[in-house]
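The values are calculated or read from the model by the stated rules, or taken from the named source; none is laboratory data. Fair warning: this is a prediction, and the values are worked out from it, not measured in the lab. Cβ atoms come from the backbone with ideal geometry, glycine included; neighbour counts cover every protein chain shown.
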Amino acid sequence: MLIEDANINGVGCLKFLVSFIVPNYFNAIIWIRVFQTLERYHLPTFIPFRILLHVHGLEFANNVTIGAGLRLPHPRGVLFTTGTVIGERCSIYGNVRFVRIYSEVPTVGDNVLIGDGAICTGKARIGNNSIIGAGSVVTKPFGDNLIIAGNPAKVLKDNRS
């Protein structure tokens, strides 16, 4: 999974090694994958949690599922609530919030771009190949191949062929 993350982010061997030391955007992805690996084997996750929170300003909860090919160009302020599901090859910009409402958690499909400051709450389901505009508040399910924006979010363009 980390190799596909590196390929999507254009990180070569040298930059990959540097990212283990320097707290850049790819370092945040490395620590997310460390967190998920430790969680899978029921090991303590407090060290990656603290690094993600204090170094990158990113809040990461338990039981978050993120597919391969994650892009976090600006990880500061991103919040993943417990149970959030993110598909493969997704780009998530800064200050994006995935907020749980009671037992409902947001779900994001594959190849989705989520702009700065967007909020996805409870029943939000974002289909594959969609774009969520900056500052949008997504409170309901949307299908595939859509451009969504606004508060509350609505479909601006349907890209279905």
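Within the range 31-42, the set of residues being surrounded by fewer than 20 Cβ atoms within 10 Å (Cβ to Cβ) and part of a helix (DSSP H, G or I) comprises 33, 34, 36, 37, 38, 39, 40. If you go through the range 43-62 one residue at a time, do you hit one that is more than 20 Å from residue 117 (Cβ to Cβ), in a strand (DSSP E or B) and in contact with a Gly (Cβ under 9 Å, 6 or more places away or on another chain)? Taking every residue of the range 43-62 in turn, none turns out to be more than 20 Å from residue 117 (Cβ to Cβ), in a strand (DSSP E or B) and in contact with a Gly (Cβ under 9 Å, 6 or more places away or on another chain).
Taking first residues from the range 35-50 that are without any contact (Cβ under 8 Å) to a residue 40 or more places away in the chain and more than 11 Å from residue 62 (Cα to Cα) and partners that are among the small types (Gly, Ala, Ser) and outside any helix (DSSP H, G or I), no Cβ contact under 7 Å between residues at least 6 apart in sequence or on separate chains turns up.
Inspect the range 12-23 for any residue being of a type in the set (Gly, Ala, Ser), in a helix (DSSP H, G or I) and at pLDDT 95 or above and give the result as yes or no.
no
A quick yes/no check of all residues on (1) modelled with pLDDT under 95; (2) in a strand (DSSP E or B):
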| position | (1), (2) |
| --- | --- |
| 69 | no, no |
| 89 | no, no |
| 110 | no, no |
| 134 | no, no |
| 148 | no, yes |
| 157 | yes, yes |
| 161 | yes, no |
